[in-house]
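Here the structure is laid out as structure tokens; the discussion comes afterwards.
Bear in mind these aren't lab numbers, they're just calculated from the coordinates by the rules spelled out. Just so we're clear, the structure is a prediction, and the values are computed from it rather than from any experiment. Cβ placement follows ideal geometry from the backbone for every residue including glycine, while neighbour counts extend to all protein chains displayed.
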Amino acid sequence: MTTHYDALENRAPADRETALLAALPQQIAHAQASTSAFANLLQGVDARDISSRAALARLPVTRKHELLERQQALRQADGAEDVFGGFSALRYGAQMPRVFASPGTIYEPEGARKDYWRMARAIFAAGFRPGELIHNSFSYHFVPAGSMMETGAHALGCTVFPGGTGQTEQQVQAMAELKPAGYIGTPSFLKIIVEKAADMGVALPSVKKAMFGGEAFPPSLRDWFAERGIDGYQCYATADLGLIAYETQAREGLVLDESVIVEIVRPGTGDPVPEGEVGELVVTTLNPDYPLIRFGTGDLSAVLPGSCPSGRTNTRIKGWMGRADQTTKIRGMFVHPGQVASIARRFPEVLKARLVVTGEMANDSMTLKVETAGVAQGFEQKISEAIRDVTKLRGTVELMPPGSLPNDGKVIEDARSYK
């Protein structure tokens, strides 16, 4: 059986670096010529000069909040037609079959090219092979996760059952009757499905493998699935960039995708850190449709020394190690400090608010702690409804007297256990 998705995965590292740096000036020139955002951000830059990592590091980092601000500014401008903030080289029509929305709201284009998000490589590394059925439980509405995985599975030659989220009993029934080779989605939802199947007395013997994303996948949860005969692997991808890195059977960090240039920089700057030091992942994608140059993910990680024992020769990272800012993932969804502020602004009675995330990964919960001097009956329920409306997640509310919350500027506190 083939152990690598293609020959790119085990080429000499020097050959890969040469190919990436040869493509870099072309991508920068394309971004300058095809997108108004990079025509502005990289004004005065001669793309031909950006042929090394040192030269790349001199370009500005664009972070998600800046992308959002540009999108909002152009959407609000009279007569503006570019909902993507000037970052997309595509326009509506056959070349852009879908548009997605991530919390913020940030809009992302999906191009028409096969395996647009480049997920097939990660799905292959998780053990899936052509001719298999995959049960895909990533969301198919608003966010691109469902389509990201489906298009990758199709490129690999697999059939997909679009399970989506929710309806746990129906998920169990579909798995029992269709007998998929495995599952793609968040680890927490597969855990719920497996536990529901046990409660129902339904066996799921065909589900032997899984690829996870959207949440941390700690060793304790990996072992929980292994005890039930499911071999789970994780990938790291975003709605802006597609696949960034993926886990292999070696289980030693995540191997970078072949179509991205990754830097790890000191948080809050664009300065690369020494190899092995924890910093923010900054990614330059070679995707011509959405050519993001030095895009700051806000995620922390570090480079691992050496090559992957699986034979893949690309750089490895340790995986997700937290956020460079306060934005955090809760049940597979990003929650931003701006969303907490948006909730608080709806209620004049709220003096201060702080979102606290607790529990363990795959079983986390969030509580909005609210300082208020006094409220009418039913106030907590109204805030709960606002939490659901803004974040698309359920959370509890804790009312506190004025001055109770720490004066440290923190809006989101991640107090979960990652062991």
Determine the sum of side-chain charges near Q171: Lys and Arg each +1, Asp and Glu each -1, restricted to other residues whose C-beta is under 15 angstrom from that of Q171. -1
Taking the alpha-carbon centroid of each part, what is the distance from the stretch 1-48 to the stretch 273-339 in angstrom? 17
Provide the per-residue ³J(HN,Hα) series for the stretch 267-274, in order, calculated from phi with Karplus coefficients 6.51, -1.76, 1.60 and θ = phi - 60°, each as a whole number of Hz, with x at glycine and proline positions. x, x, 10, x, 8, x, 9, x
Estimated FRET transfer efficiency when R0 is 41 angstrom, pair R129-R266 (beta carbons, to 0.05): 0.50
If Lys and Arg each add +1 and Asp and Glu each add -1, what is the summed charge of the other residues whose beta carbon sits under 15 Å from the beta carbon of S384? +1
Estimated inter-spin distance, E195 and H141, nm [label 7 Å along Cα→Cβ]: 2.5
Find out how many positive minus negative residues lie around E17, taking Lys and Arg as positive, Asp and Glu as negative, among other residues whose Cβ is under 11 Å from that of E17. +2
In which sequence would K179, K114 go, from the one with the fewest C-beta neighbours within 10 Å to the one with the most? K114, K179
Packing-wise, with mean Cβ within 10 Å as the measure, how do 288-299, 27-38, 380-391, 192-203 rank, highest first? 288-299, 27-38, 380-391, 192-203
Stokes-Einstein D for the stretch 277-332, Kirkwood Rh over Cα pairs, 10 °C, 1.306 mPa s (µm²/s): 122
What percent does the relative contact order of the stretch 330-414 come to when contacts are Cα pairs within less than 8 Å and at least six residues apart? 34
What is the order of E132, E215, fewest Cβ neighbours within 10 Å to most? E132, E215
Fewest Cβ neighbours within 10 Å first, please rank W224, W117, W320 accordingly. W224, W320, W117
What's the FRET efficiency of H154 with A415 using the Cβ-Cβ distance as r and R₀ = 56 Å, to the nearest 0.05? 0.90
Can you tell me the relative contact order of the chain? Whole percent, Cα pairs under 8 Å, sequence separation 6 or more. 13
Run lengths n ≥ 4 of DSSP H only: what is the helix-derived mean residue ellipticity at 222 nm for the chain, with -39500 (n - 2.57) per run over all residues, to the nearest 500? -8500 deg cm²/dmol
State, to one decimal in nm, how far the label point of V278 lies from the label point of T3, with both points 7 Å from Cα in the Cβ direction. 3.3
Sticking with the crude label model, points 7 Å out along Cα→Cβ, report the distance from S52 to Q26 in nm, one decimal please. 2.2
Looks like the chain, by Cα gyration tensor root eigenvalues a ≥ b ≥ c and the a/c under 1.5 rounded cutoff (else prolate when a/b is bigger than b/c, oblate otherwise), is oblate
